[in-house]
Amino acid sequence: MTIEPAATDGVFLITGASSGIGAATARQAALAGWRLVLAARSQEKLDALADELGGAERALAVRCDVTDWDAQQRLAALALETYGQIDAVFANAGFGGARGFLADTPENWREMVLTNVYGAALTLRATIPALKRSRGHLLLTSSVAGRRALPGSFYSCTKHAVTAMGEAARLDLNGSGVRVTLIEPGVVDTPFFERRPSAALLDDDIARAVMYALAQPPHVDVNEILIRPTTQPL
Ligand SMILES: NC(=O)c1ccc[n+]([C@@H]2O[C@H](COP(=O)([O-])OP(=O)(O)OC[C@H]3O[C@@H](n4cnc5c(N)ncnc54)[C@H](OP(=O)(O)O)[C@@H]3O)[C@@H](O)[C@H]2O)c1
(Lines give C-alpha, C1' and ligand atoms only; values in the text may rest on other atoms or scores of the structure.)
Protein backbone atom coordinates (compact mmCIF):
# COMPACT_ATOMS: atom_id res chain seq x y z
CA MET A 1 0.00 0.00 0.00
CA THR A 2 1.40 3.45 -0.91
CA ILE A 3 0.70 6.15 1.63
CA GLU A 4 0.11 9.57 0.07
CA PRO A 5 1.20 12.77 1.86
CA ALA A 6 -1.02 13.78 4.78
CA ALA A 7 -4.28 15.57 4.09
CA THR A 8 -5.27 16.19 7.71
CA ASP A 9 -2.13 15.47 9.75
CA GLY A 10 -4.39 14.86 12.77
CA VAL A 11 -3.18 12.33 15.33
CA PHE A 12 -5.34 9.23 15.83
CA LEU A 13 -4.65 6.81 18.72
CA ILE A 14 -6.09 3.30 18.32
CA THR A 15 -6.09 0.49 20.89
CA GLY A 16 -6.39 -3.05 19.57
CA ALA A 17 -4.48 -1.84 16.50
CA SER A 18 -2.48 -5.04 15.96
CA SER A 19 -5.32 -6.93 14.28
CA GLY A 20 -8.82 -6.92 12.79
CA ILE A 21 -10.93 -3.77 13.08
CA GLY A 22 -8.21 -1.67 14.71
CA ALA A 23 -5.58 -2.49 12.06
CA ALA A 24 -8.04 -1.95 9.19
CA THR A 25 -9.03 1.41 10.67
CA ALA A 26 -5.36 2.40 10.99
CA ARG A 27 -4.79 1.60 7.29
CA GLN A 28 -7.81 3.64 6.13
CA ALA A 29 -6.95 6.52 8.47
CA ALA A 30 -3.37 6.60 7.15
CA LEU A 31 -4.71 6.90 3.61
CA ALA A 32 -6.87 9.82 4.77
CA GLY A 33 -3.78 11.58 6.13
CA TRP A 34 -3.94 10.81 9.85
CA ARG A 35 -0.80 10.17 11.86
CA LEU A 36 -1.31 7.04 13.93
CA VAL A 37 -0.52 5.88 17.44
CA LEU A 38 -0.96 2.09 17.36
CA ALA A 39 -1.44 0.28 20.67
CA ALA A 40 -1.79 -3.41 21.58
CA ARG A 41 0.27 -6.09 23.29
CA SER A 42 1.80 -7.65 20.12
CA GLN A 43 4.82 -5.44 19.52
CA GLU A 44 5.96 -7.21 16.34
CA LYS A 45 2.61 -6.82 14.62
CA LEU A 46 2.45 -3.16 15.62
CA ASP A 47 5.99 -2.53 14.36
CA ALA A 48 5.16 -4.14 11.00
CA LEU A 49 2.00 -2.05 10.67
CA ALA A 50 3.79 1.17 11.64
CA ASP A 51 6.44 0.47 8.97
CA GLU A 52 3.74 -0.21 6.39
CA LEU A 53 2.02 3.09 7.26
CA GLY A 54 5.09 5.23 6.76
CA GLY A 55 7.42 4.70 9.73
CA ALA A 56 8.07 6.86 12.77
CA GLU A 57 6.96 10.17 11.27
CA ARG A 58 3.53 8.82 10.42
CA ALA A 59 2.89 5.92 12.81
CA LEU A 60 4.08 5.12 16.30
CA ALA A 61 3.87 1.53 17.62
CA VAL A 62 3.40 1.37 21.39
CA ARG A 63 3.14 -1.87 23.35
CA CYS A 64 0.30 -1.35 25.81
CA ASP A 65 -1.84 -3.75 27.79
CA VAL A 66 -5.03 -1.72 28.20
CA THR A 67 -5.69 -3.27 31.62
CA ASP A 68 -2.57 -1.52 32.97
CA TRP A 69 -3.11 2.11 34.03
CA ASP A 70 0.61 2.93 34.02
CA ALA A 71 0.91 1.58 30.46
CA GLN A 72 -2.08 3.64 29.33
CA GLN A 73 -0.61 6.79 30.85
CA ARG A 74 2.71 6.06 29.09
CA LEU A 75 0.83 5.53 25.83
CA ALA A 76 -0.86 8.94 26.00
CA ALA A 77 2.37 10.62 27.12
CA LEU A 78 4.36 9.05 24.26
CA ALA A 79 1.76 10.15 21.74
CA LEU A 80 1.98 13.72 23.01
CA GLU A 81 5.79 13.71 23.20
CA THR A 82 6.05 12.39 19.65
CA TYR A 83 3.31 14.29 17.84
CA GLY A 84 2.33 17.08 20.28
CA GLN A 85 -1.42 16.42 20.11
CA ILE A 86 -4.12 13.74 20.06
CA ASP A 87 -7.11 14.49 17.84
CA ALA A 88 -8.96 11.19 17.82
CA VAL A 89 -9.01 8.10 20.03
CA PHE A 90 -10.50 4.70 19.23
CA ALA A 91 -10.95 2.56 22.38
CA ASN A 92 -11.25 -0.67 20.47
CA ALA A 93 -9.24 -3.40 22.26
CA GLY A 94 -11.43 -6.30 23.35
CA PHE A 95 -12.17 -10.00 23.13
CA GLY A 96 -14.97 -12.50 23.72
CA GLY A 97 -15.60 -15.90 25.21
CA ALA A 98 -17.78 -18.97 25.11
CA ARG A 99 -21.51 -18.44 25.53
CA GLY A 100 -23.29 -20.05 28.47
CA PHE A 101 -22.89 -19.07 32.11
CA LEU A 102 -21.42 -22.51 32.80
CA ALA A 103 -19.30 -22.60 29.65
CA ASP A 104 -16.67 -19.91 30.11
CA THR A 105 -14.23 -19.72 33.01
CA PRO A 106 -14.34 -17.14 35.83
CA GLU A 107 -10.74 -16.23 34.88
CA ASN A 108 -11.82 -15.36 31.33
CA TRP A 109 -14.74 -13.28 32.66
CA ARG A 110 -12.31 -11.35 34.82
CA GLU A 111 -9.96 -10.66 31.88
CA MET A 112 -12.93 -9.67 29.73
CA VAL A 113 -14.13 -7.11 32.27
CA LEU A 114 -10.60 -5.80 32.74
CA THR A 115 -9.98 -5.49 29.00
CA ASN A 116 -13.35 -4.61 27.48
CA VAL A 117 -14.68 -2.37 30.26
CA TYR A 118 -11.92 -1.22 32.63
CA GLY A 119 -9.39 -1.02 29.77
CA ALA A 120 -11.70 1.15 27.67
CA ALA A 121 -12.37 3.40 30.67
CA LEU A 122 -8.62 3.78 31.26
CA THR A 123 -8.12 4.76 27.62
CA LEU A 124 -10.75 7.48 28.04
CA ARG A 125 -9.20 8.66 31.29
CA ALA A 126 -5.68 8.81 29.84
CA THR A 127 -6.65 10.70 26.69
CA ILE A 128 -9.57 12.99 27.61
CA PRO A 129 -7.31 15.89 28.72
CA ALA A 130 -5.61 15.90 25.29
CA LEU A 131 -8.92 15.45 23.47
CA LYS A 132 -10.35 18.46 25.30
CA ARG A 133 -7.39 20.56 24.18
CA SER A 134 -7.80 19.45 20.56
CA ARG A 135 -11.64 19.48 20.66
CA GLY A 136 -11.19 15.99 19.30
CA HIS A 137 -13.16 12.80 18.74
CA LEU A 138 -13.56 9.74 20.96
CA LEU A 139 -14.79 6.45 19.48
CA LEU A 140 -15.46 3.19 21.31
CA THR A 141 -16.06 -0.29 19.93
CA SER A 142 -19.17 -1.72 21.50
CA SER A 143 -21.14 -4.34 19.55
CA VAL A 144 -24.59 -5.46 18.48
CA ALA A 145 -24.08 -7.51 21.68
CA GLY A 146 -23.91 -4.18 23.50
CA ARG A 147 -27.41 -3.28 22.31
CA ARG A 148 -29.20 -6.60 22.87
CA ALA A 149 -28.39 -9.43 25.25
CA LEU A 150 -27.27 -12.67 23.64
CA PRO A 151 -28.06 -16.01 25.34
CA GLY A 152 -25.52 -16.83 28.05
CA SER A 153 -23.15 -14.17 26.77
CA PHE A 154 -21.00 -12.58 29.44
CA TYR A 155 -19.27 -10.77 26.54
CA SER A 156 -22.64 -9.15 25.85
CA CYS A 157 -22.68 -7.87 29.45
CA THR A 158 -19.26 -6.23 28.97
CA LYS A 159 -20.37 -4.61 25.71
CA HIS A 160 -23.53 -3.22 27.34
CA ALA A 161 -21.13 -1.53 29.75
CA VAL A 162 -19.19 -0.08 26.80
CA THR A 163 -22.42 1.24 25.27
CA ALA A 164 -23.23 2.91 28.59
CA MET A 165 -19.66 4.25 28.76
CA GLY A 166 -20.02 5.90 25.36
CA GLU A 167 -23.22 7.68 26.35
CA ALA A 168 -21.84 8.58 29.78
CA ALA A 169 -18.73 10.05 28.12
CA ARG A 170 -20.82 11.94 25.57
CA LEU A 171 -22.83 13.59 28.35
CA ASP A 172 -19.70 14.24 30.42
CA LEU A 173 -17.91 15.87 27.47
CA ASN A 174 -20.89 17.78 26.17
CA GLY A 175 -19.91 21.44 25.79
CA SER A 176 -16.18 20.61 25.52
CA GLY A 177 -16.23 20.28 21.74
CA VAL A 178 -15.26 16.59 21.99
CA ARG A 179 -17.45 14.28 19.91
CA VAL A 180 -18.21 10.70 21.00
CA THR A 181 -19.14 7.82 18.71
CA LEU A 182 -20.09 4.24 19.57
CA ILE A 183 -19.27 1.70 16.87
CA GLU A 184 -21.54 -1.36 17.20
CA PRO A 185 -20.60 -4.14 14.77
CA GLY A 186 -22.43 -7.37 14.14
CA VAL A 187 -20.37 -10.38 13.10
CA VAL A 188 -17.04 -9.35 11.55
CA ASP A 189 -14.55 -11.82 10.10
CA THR A 190 -11.50 -11.16 12.29
CA PRO A 191 -9.25 -13.22 14.60
CA PHE A 192 -11.83 -12.42 17.31
CA PHE A 193 -13.34 -15.77 16.30
CA GLU A 194 -11.42 -19.02 16.62
CA ARG A 195 -13.35 -20.36 13.64
CA ARG A 196 -13.98 -17.97 10.74
CA PRO A 197 -17.65 -16.90 10.65
CA SER A 198 -19.59 -17.16 7.41
CA ALA A 199 -21.68 -14.31 5.97
CA ALA A 200 -19.75 -11.82 8.06
CA LEU A 201 -18.72 -8.22 7.62
CA LEU A 202 -15.08 -7.41 6.82
CA ASP A 203 -12.84 -5.38 9.11
CA ASP A 204 -12.73 -2.77 6.32
CA ASP A 205 -16.53 -2.37 6.53
CA ILE A 206 -16.20 -1.24 10.14
CA ALA A 207 -13.18 0.93 9.36
CA ARG A 208 -15.28 2.81 6.77
CA ALA A 209 -17.89 3.53 9.46
CA VAL A 210 -15.18 4.93 11.73
CA MET A 211 -13.87 7.11 8.90
CA TYR A 212 -17.41 8.35 8.18
CA ALA A 213 -17.86 9.49 11.77
CA LEU A 214 -14.42 11.14 11.81
CA ALA A 215 -15.01 12.94 8.53
CA GLN A 216 -18.09 14.85 9.70
CA PRO A 217 -17.79 18.61 10.32
CA PRO A 218 -17.22 19.66 13.96
CA HIS A 219 -20.90 20.44 14.62
CA VAL A 220 -21.99 16.89 13.67
CA ASP A 221 -21.58 14.13 16.26
CA VAL A 222 -22.48 10.68 14.95
CA ASN A 223 -23.38 9.11 18.31
CA GLU A 224 -23.87 5.47 17.33
CA ILE A 225 -23.30 3.31 14.28
CA LEU A 226 -24.82 -0.19 14.44
CA ILE A 227 -23.85 -2.37 11.48
CA ARG A 228 -24.88 -5.95 10.76
CA PRO A 229 -24.16 -8.17 7.79
CA THR A 230 -27.29 -8.03 5.65
CA THR A 231 -28.07 -11.67 6.50
CA GLN A 232 -27.59 -11.42 10.30
CA PRO A 233 -31.03 -11.61 11.97
CA LEU A 234 -30.24 -10.84 15.65
N1 LIG B 1 -15.28 -9.45 15.23
C2 LIG B 1 -16.53 -9.22 15.59
O3 LIG B 1 -17.48 -9.87 15.13
C4 LIG B 1 -16.84 -8.10 16.54
C5 LIG B 1 -18.17 -7.68 16.64
C6 LIG B 1 -18.48 -6.65 17.51
C7 LIG B 1 -17.50 -6.04 18.24
N8 LIG B 1 -16.20 -6.47 18.14
C9 LIG B 1 -15.19 -5.78 18.95
O10 LIG B 1 -14.27 -5.19 18.07
C11 LIG B 1 -13.05 -4.95 18.79
C12 LIG B 1 -11.89 -5.41 17.92
O13 LIG B 1 -12.00 -6.82 17.73
P14 LIG B 1 -11.65 -7.54 16.36
O15 LIG B 1 -12.89 -8.17 15.86
O16 LIG B 1 -10.90 -6.63 15.48
O17 LIG B 1 -10.75 -8.74 16.92
P18 LIG B 1 -9.19 -9.01 16.92
O19 LIG B 1 -8.70 -9.05 15.51
O20 LIG B 1 -8.99 -10.18 17.79
O21 LIG B 1 -8.57 -7.69 17.59
C22 LIG B 1 -8.60 -7.48 18.97
C23 LIG B 1 -7.55 -6.45 19.29
O24 LIG B 1 -7.59 -6.16 20.71
C25 LIG B 1 -6.26 -6.23 21.21
N26 LIG B 1 -6.28 -6.55 22.63
C27 LIG B 1 -6.90 -7.58 23.25
N28 LIG B 1 -6.64 -7.55 24.58
C29 LIG B 1 -5.83 -6.47 24.79
C30 LIG B 1 -5.20 -5.91 25.92
N31 LIG B 1 -5.35 -6.45 27.15
N32 LIG B 1 -4.44 -4.80 25.77
C33 LIG B 1 -4.28 -4.26 24.55
N34 LIG B 1 -4.85 -4.74 23.43
C35 LIG B 1 -5.59 -5.85 23.55
C36 LIG B 1 -5.57 -7.29 20.36
O37 LIG B 1 -4.18 -7.09 20.32
P38 LIG B 1 -3.08 -7.91 21.15
O39 LIG B 1 -3.55 -9.33 21.27
O40 LIG B 1 -1.86 -7.72 20.31
O41 LIG B 1 -2.99 -7.20 22.46
C42 LIG B 1 -6.14 -6.95 18.99
O43 LIG B 1 -5.40 -5.91 18.39
C44 LIG B 1 -13.19 -5.70 20.12
O45 LIG B 1 -13.53 -4.76 21.12
C46 LIG B 1 -14.35 -6.64 19.87
O47 LIG B 1 -15.03 -6.97 21.05
C48 LIG B 1 -15.84 -7.47 17.29
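The table below lists the values:
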read-out: Per residue accessible area in Å² of region 1-138, where ligands, DNA and RNA are left out and the probe is 1.4 Å; value: 46
read-out: The chain - percent relative contact order, Cα under 8 Å, separation 6 or more; value: 18
read-out: Dipole of the chain [Lys/Arg +1, Asp/Glu -1 at C-beta], most positive-end residue of Gly96, Ala61, Met165; value: Met165
read-out: Lys, Arg +1 and Asp, Glu -1 on Cβ, resulting dipole of the chain about Cα centre, debye, nearest 20; value: 500
read-out: C-alpha long axis of helix 203-215 to longest principal axis of the chain, angle in °; value: 50
read-out: Within the accessible area of the chain (1.4 Å probe), percent carbon and sulfur; value: 52
read-out: Contour minus Cα-Cα distance for Asp65 and Glu194 (0.36 nm per residue); value: 44.3 nm
read-out: Rel. contact order, % - alpha carbon contacts under 8 angstrom, at least six apart, region 44-143; value: 33
read-out: Local electrostatic count, Arg170, Cβ distance below 15 Å [Lys/Arg +1, Asp/Glu -1]; value: -2
read-out: Taking N as its residue count, the alpha carbon Rg of the chain over 2.2 N^0.38 Å; value: 0.95
read-out: Around Gln73: net Lys/Arg minus Asp/Glu count, Cβ-Cβ under 15 Å; value: -1
read-out: Protection-proxy order for peptides 132-140, 41-49, 189-197, each taking the mean of Cβ atoms within 10 Å per residue, highest first; value: 132-140, 41-49, 189-197
read-out: Euclidean distance between Cα centres, region 110-184 to region 1-79, Å; value: 19
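The values are calculated or read from the model by the stated rules, or taken from the named source; none is laboratory data. These figures come from a predicted structure and were not determined experimentally. Glycine also receives a Cβ, built like all others from the backbone with ideal geometry; neighbour counts cover every protein chain displayed. Ligands, DNA and RNA are excluded from the accessible area calculation, which covers all protein heavy atoms including side chains. Shrake-Rupley method; radii C 1.70, N 1.55, O 1.52, S 1.80 Å.
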